[in-house]
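S.K.: Dropping the structure in here first, questions after.
The values are calculated or read from the model by the stated rules, or taken from the named source; none is laboratory data. It should be emphasised that the depicted structure is a prediction, and the values quoted were computed from it without experimental measurement. Glycine gets a Cβ as well: all are built from the backbone with ideal geometry, and neighbour counts include every protein chain shown. Accessible surface is based on the protein model in full, side chains and every heavy atom, while ligands, DNA and RNA are left aside. Shrake-Rupley method; radii C 1.70, N 1.55, O 1.52, S 1.80 Å.
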Amino acid sequence: MTEAQPILSISNLQTRFATRYGLVTAVDGVSLDVMPGECVGVVGESGSGKSVTFASVMGLIKPPGWIDGGSIKFEGQELVGMSERSYRSLRGKYIAMTMQDALTALNPALTVGFQIMEVLLAHDSQISGSARNRIRKARARVIEMMMLVRIPSPETRLNDYPHQFSGGMRQRMMIAIALACRPKLLIADEPTTALDVTIQAQVLELITDIRQTLGMSVILITHDLGVVAEYCDRVAVMYAGQVIESGPTKSVIGQPSHPYTQGLLRSIPNLANLDKRIRPIEGQVPELIDLTPGCRFIGRCDVREEACTQRVEMRNIGQGRTVRCIQPKGNVQ
Amino acid sequence: MNFGKLIERLAQLIPVLLGVMVIVFFMMALTPGDPVDIMIGEQPISAEQEANLRHDMGLDLPPVERFIKFLGNAVTGNFGLSFFHRRPVIDVIAERLPATIELSLVSIILAILTSIPLGVLAAVKKNTIFDRVSTVGSLFGVSLPGFWFGILLLMLFAVHLRILPVSGRIGYAYEVDAVTHLLLIDSLIAGRLDTFANALSHLFLPALTLGLPMAAILMRVTRTSMLEVMSQDYIIFAEAKGISRTRILIRHALKNALIPTVTVAALETGSLLGGNMIVETVFGWPGLGRLVVESIFVHNYPLVQAAVLFYAVTYVFLNFFADILYTVLNPRVKL
Ligand SMILES: Nc1ncnc2c1ncn2[C@@H]1O[C@H](COP(=O)(O)OP(=O)(O)OP(=O)(O)O)[C@@H](O)[C@H]1O
Ligand code: SF4
Ligand SMILES: [Mg+2]
């Protein structure tokens with residue numbers, strides 16, 4: 001048996017923005033593979049480039065931004081430089097995305113039902129026939145999707161406008177829209193940030209359920225390592241536009257290798273370290289303008305040394321783990 | 001929209017209208033010139049006859065008393081007789097109104113039909129030559145004085161090129177049965193395409209002059225709100241759904257961008273009322289605007305007062321209508 005091919009393969013991606021302050025390198029050499037059916041968590045603090053990385057995957061980077069290099073392959077097909085027309089037939093159908101902020105991502109002037117229906121009408125080849133038939137079939141699917149994300153009485157609520165929905169319901173509607181065409185890959189950008197803890201769990205369970213029934217891959221962007229620990233097979237930690245550590249969730253969380261990941265884990269209160277004082281990482285994320293070639297974390301790192309001012313490459317440290325540090329700690333055997 | 005709010009809005013009308021009436025009445029009373037003198041002109045007339053005439057016209061009373069009497073009558077819908085026509089003011093106004101309505105409607109439709117597509121295009125082609133040219137164009141549109149632009153058009157199309165008539169509403173040879181009193185519609189009802197074409201040729205230049213500032217403003221508003229809307233998250237999300245660009249523009253963006261545009265259009269219709277007076281005078285258009293201007297010159301108090309009251313009510317209702325439209329278009333707002 002040959003080894004399974006990744007459904008999404010990002011390698012050495014560079015995404016830049018021209019701003020009035022200078023050139024911002026929001027994504028700098030990111031590489032990441034996602035296997036079919038797998039759930040990959042992407043963590044990192046605000047501004048680390050999570051959203052921009054996956055906006056690049058969706059082909060949604062617009063001037064003043066551009067993809068400056070690297071490759072993004074979806075099922076072996078190169079996406080960088082692909083025509084808008086081909087991209088459009090991919091988006092929403094094979095790769096779907098939910099946006100970070102559900103409150104602003106739904107169109108306030110259109111009913112929620114319409115907003116699911118149009119994605120079905122745009123992509124679903126089973127919805128065919130006369131205009132009337134298509135609408136009827138699509139409507140049935142809309143109701144089915146709304147039921148799937150547990151919106152009560154979908155038959156009437158599909159005529160509601162987004163403002164008539166609660167935050168959690170809007171989040172679930174956005175997931176329903178993303179899942180309407182049964183995509184192979186779902187990119188969920190902070191699907192739970194705005195939600196309270198119980199609804200947060202509901203939404204994540206829902207995504208997991210659907211992932212298992214549809215067999216799709218999920219990229220879960222979050223800054224909550226607890227969420228990653230619970231729902232993701234693998235995790236990639238981003239810092240200042242780079243992936244600085246990645247690997248199987250258990251292994252990375254159990255034995256973090258990069259000083260930044262270690263700091264992140266220390267800063268989370270959990271059962272294991274309740275007695276220890278929570279220690280936030282000192283210092284600030286560097287500006288993404290005029291970056292020096294050395295390690296991005298150097299200003300905040302306790303164990304830095306001279307060599308850290310040189311370019312630090314991603315290194316393989318076994319067990320499917322990679323790390324961008326010259327002296328990774330944590331004994332990975 | 002609940003009933004209490006509606007009553008409240010209507011009640012707000014009263015002080016506004018009262019204020020308008022006070023201003024108009026006393027401005028007219030303070031302008032030099034005497035309507036009785038103007039009416040008499042050069043005719044030989046005795047002092048007694050003149051006093052009778054003055055009494056008939058209600059001008060022998062002091063201004064404050066006249067004003068109170070006028071208000072009392074106005075409440076019952078009686079605006080008195082027009083000084084010169086010797087007919088009820090209401091009748092004279094009603095006779096002139098259709099011409100003004102026709103001109104205004106055509107101007108508004110023309111303005112909306114051109115400005116919205118142009119505004120969308122300017123937003124889509126932001127910072128291109130098209131956008132720049134249309135920006136300069138709309139600046140001209142807003143700032144050109146109507147009388148000047150109107151005369152310019154007249155000189156070009158009516159005097160030099162001789163392809164459009166100089167003034168009036170319809171040629172003498174054309175006549176149709178009045179059904180709606182709007183010539184374009186009446187001529188179509190009568191199946192008279194020649195009359196329709198003639199009416200249209202008379203309408204074109206005044207409608208262009210009247211509609212230009214409105215078109216310019218609406219285009220700017222459309223452009224600005226389109227740009228604002230196009231940068232919203234829901235547009236990016238629509239793109240992430242793989243919806244075609246045209247659909248996104250029309251279904252997702254325009255629907256939101258039109259909310260301010262339509263509201264401004266309703267408000268601008270109010271300013272159009274003022275523009276009517278100038279444009280109708282320049283183009284000899286037999287409408288209410290020209291009637292008011294003429295009446296001001298001859299101190300025809302009852303007519304001016306009634307017409308201004310009519311303008312004020314229309315203006316206030318247009319504002320009111322703009323508010324309602326805003327709520328209807330915007331599902332987030334409940335009135
Ligand atoms: N349109 C843009 N123009 C200029 N800079 C941008 C633009 N979009 C993003 N950036 C920059 O890219 C960097 C990464 O932003 P990104 O939104 O990917 O962060 P993130 O990791 O998703 O953060 P958060 O957790 O807050 O969502 C930020 O520093 C931001 O300033
Ligand atoms: S490369 Fe050097 S500075 Fe960077 S994290 Fe590793 S030890 Fe610290
Ligand atoms: Mg983000």
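S.K.: Between B:Thr180 and B:Glu48, with labels modelled 7 Å along Cα→Cβ, what's the label distance in nm to one decimal, could you check?
M.R.: The answer from the label model is 5.6 nm.
S.K.: So what is the calculated 222 nm ellipticity per residue for the protein assembly as shown, using -39500 (n - 2.57) for each DSSP H run with n of 4 or more, over all residues, to the nearest 500 deg cm²/dmol?
M.R.: So the calculated ellipticity at 222 nm is -16500 deg cm²/dmol.
S.K.: Averaged per residue, what accessible area in Å² does segment B:89-329 show with a 1.4 Å probe, protein chains only?
M.R.: 45 Å²
S.K.: Averaged over its residues, how many other protein chain Cβ atoms are within 10 Å of peptide A:107-113's Cβ atoms?
M.R.: Neighbouring Cβ atoms belonging to other protein chains average 6 per residue here.
S.K.: Just to verify a number: FRET efficiency for A:Ser166 and B:Ile189, C-beta to C-beta distance, R0 = 51 Å, to 0.05? Intermediate results must be reported in sequence, preceding the final value.
M.R.: Working: r = 54 Å, r/R0 = 1.06.
Working from the Cβ atoms, E equals 0.40.
S.K.: At a probe radius of 1.4 Å, what is the per-residue accessible area of A:Cys232, in Å² to the nearest 10?
M.R.: It works out to around 10 Å².
S.K.: Across peptide A:122-130, how many C-beta atoms of other chains are within 10 Å of each residue C-beta, on average?
M.R.: Shielding by partners across A:122-130 averages 1.
S.K.: Additional query: What distance in nm separates the simple spin-label points at B:Thr31 and A:Ser11, each placed 7 Å from Cα in the Cβ direction?
M.R.: Roughly 8.4 nm, to one decimal.
S.K.: Also: Choose one of B:Ile189, A:Ser9, A:Gly263: the residue whose Cα lies farthest towards the positive end of the charge dipole of the protein assembly as shown (beta-carbon charges +1 Lys, Arg; -1 Asp, Glu; about the Cα centre).
M.R.: So the residue furthest toward the plus end is A:Ser9.
S.K.: What is the packing order of peptides A:161-167, B:280-286, taking the mean over residues of other C-beta atoms within 10 Å and listing the highest first?
M.R.: The most tightly packed comes first, giving B:280-286, A:161-167.
S.K.: Could you state how much accessible area is buried at the A-B interface, both sides summed, with a 1.4 Å probe, in Å² to the nearest 100?
M.R.: Summed over both sides, the interface buries about 2200 Å².
S.K.: Let me confirm one metric for peptide B:250-263, namely the mean number of other chain beta-carbon atoms within 10 Å of its residues' beta-carbons.
M.R.: Mean inter-chain Cβ contacts per residue within 10 Å come to 2.
S.K.: How large a share of the accessible area of segment B:196-286, in percent, is made up of carbon and sulfur atoms when the probe is 1.4 Å and the other protein chains stay in place? Intermediate results must be reported in sequence, preceding the final value.
M.R.: Values: 2040 of 2930 Å².
Solvent-exposed carbon and sulfur of segment B:196-286 make up 70 percent of the total.
S.K.: Would you mind counting up the charge near B:Val179? Only other residues with Cβ under 15 Å from its Cβ, with Lys and Arg at +1 and Asp and Glu at -1. Each step should come with its number before you reach the end.
M.R.: Working: positive: B:Arg192; negative: B:Glu102, B:Glu175, B:Asp177, B:Asp186.
Net charge around B:Val179: -3.
S.K.: Sequence-distant or interchain residues sharing an amide H contact under 5 Å with A:Ile244, placed H: which?
M.R.: Under 5 Å from the amide H of A:Ile244: A:Val237, A:Met238, A:Tyr239.
S.K.: Here's another thing I want to ask about it. Can you pull the one-decimal nm distance between simple spin-label points at B:Leu139 and B:Leu113, each 7 Å off the Cα toward Cβ?
M.R.: Result for the modelled spin labels: 3.0 nm.
S.K.: Whenever you get a sec, line up B:Leu105, A:Leu220 from highest to lowest accessible area (probe 1.4 Å, protein heavy atoms). Intermediate results must be reported in sequence, preceding the final value.
M.R.: Details: B:Leu105 85, A:Leu220 5 Å².
Largest accessible area first, the residues go B:Leu105, A:Leu220.
S.K.: Where in segment B:196-241 does accessible area fall by at least 20 Å² between the isolated chain and the complete protein assembly, at a 1.4 Å probe radius?
M.R.: Residues losing area: B:Asp233, B:Tyr234, B:Ile236, B:Phe237, B:Glu239, B:Ala240, B:Lys241.
S.K.: Another question, then. Only helices at least 27 Å long along their own axis, judged from Cα atoms, and with Kyte-Doolittle mean hydropathy of 0.0 or greater: name those in chain B from DSSP H.
M.R.: Helices meeting the span and hydropathy rule in chain B are B:3-30, B:89-124, B:193-230, B:255-282, B:301-329.
S.K.: Report, in order of residue number, the helices in chain A meeting two criteria: a C-alpha extent of 20 Å or more along the helix axis, and a mean Kyte-Doolittle hydropathy of at least -1.0; treat each whole DSSP H run as one helix.
M.R.: Result, helices passing both filters: A:131-148, A:197-214.
S.K.: Here is a follow-up. Using unit Cβ charges (K, R positive; D, E negative) and no other charged atoms, how large, in debye to the nearest 20, is the dipole of the protein assembly as shown about its Cα centre?
M.R.: About 2100 debye.
S.K.: Something else now. Determine, from the Cβ-Cβ distance of A:Met147 and B:Arg247 and an R0 of 30 Å, the FRET efficiency 1/(1 + (r/R0)^6), rounded to the nearest 0.05.
M.R.: FRET efficiency, A:Met147 to B:Arg247: 0.70.
S.K.: Report the gain in length on full extension from A:Glu155 to A:Glu305: 0.36 nm times residue separation, minus Cα-Cα distance, nm rounded to one decimal.
M.R.: 47.7 nm
S.K.: Set the Förster distance to 60 Å, then compute FRET efficiency between B:Tyr172 and B:Arg66 from the Cβ-Cβ distance, nearest 0.05.
M.R.: Between B:Tyr172 and B:Arg66 the formula returns 0.90.
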